[in-house]
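The values are calculated or read from the model by the stated rules, or taken from the named source; none is laboratory data. What you see is a predicted model; the values in this text were computed from it and never measured. Here the Cβ positions follow ideal geometry from the backbone for every residue, glycine too, while neighbour counts run over all protein chains shown. Just the protein is used for accessible areas: all its heavy atoms, side chains included, with ligands, DNA and RNA removed. Shrake-Rupley method; radii C 1.70, N 1.55, O 1.52, S 1.80 Å.
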Amino acid sequence: MSATTIDNPRQPILDARIATMILFGFVAYTVFFGLFPSLSRAFPFEWAFYGADRPAPLADPFVDRTINFYYALMGAMMTGWFTTIVLAMRSGLRIVWDAAIAGLAVWFVLDNAGSFIYGYPMNVVTNAAFVVVLLPTLLLSRPAA
């Protein structure tokens, strides 16, 4: 096994094209999230939070429409974020991966803090599932410095 040197930098373990395909999977999910918020709310979010006991106030038409609107906005923002990362990865610059990893860390800390503060610890499980896929994908496909 050869050592990493300036002349022989460490090559990524995961090919950037595979990492891009994984991230495109997230883009597809977030497009679904943004275009079909009532379906994405039902699973996994409302199922994870409430199971079969969905609170009656969520069925109120105004509340339902408002929540769908917020889910659609979140889906649009996430789609933009993932699309930006995927397109920037084409540059092959390590800074793109570093920025994506930093953004992922900031999101994870803030989202989980809000989840605990407002009494939704099950959201931490959902967040962890995203990180379990995204973090290794980004770390293993990150170019050498």
Among the numbered criteria (1) modelled with pLDDT of 85 or more; (2) farther than 21 Å from residue 125 by Cα, which single criterion is violated by residue 59? (1)
Any chance you could count how many residues in region 62-81 are farther than 15 Å from residue 120 by Cβ and either basic (Lys, Arg) or surrounded by 15 or more Cβ atoms within 10 Å (Cβ to Cβ) (or both)? 9
Residues 87, 110, 134, 139: which one is open to solvent by less than 40 Å² (accessible area, probe 1.4 Å) and assigned to a helix (DSSP H, G or I)? 134
Among the residues of region 24-59, write down those that are surrounded by 12 or more Cβ atoms within 10 Å (Cβ to Cβ), over 19 Å from the mean Cα position of the chain (by Cα) and not in a helix (DSSP H, G or I). 54
Candidate set: region 113-129, residues that are touching a residue at least 40 places away in the same chain (Cβ under 8 Å) and not in a loop (DSSP other than H, G, I, E, B); chosen: the one nearest to residue 29 (Cα to Cα): 126
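For region 82-124, how many residues are among the aromatic types (Phe, Trp, Tyr), over 17 Å from residue 142 (Cβ atoms) and under 16 Å from the mean Cα position of the chain (by Cα)? Walk me through how you get there before you give the answer.
Taking region 82-124 as the starting set, the residues that turn out to be among the aromatic types (Phe, Trp, Tyr) are 82, 97, 107-108, 116, 118, 120.
Subset that is over 17 Å from residue 142 (Cβ atoms): 107-108, 116, 118, 120.
Restricting the remaining residues to those that are under 16 Å from the mean Cα position of the chain (by Cα) gives 107-108.
Qualifying residue count, region 82-124: 2.
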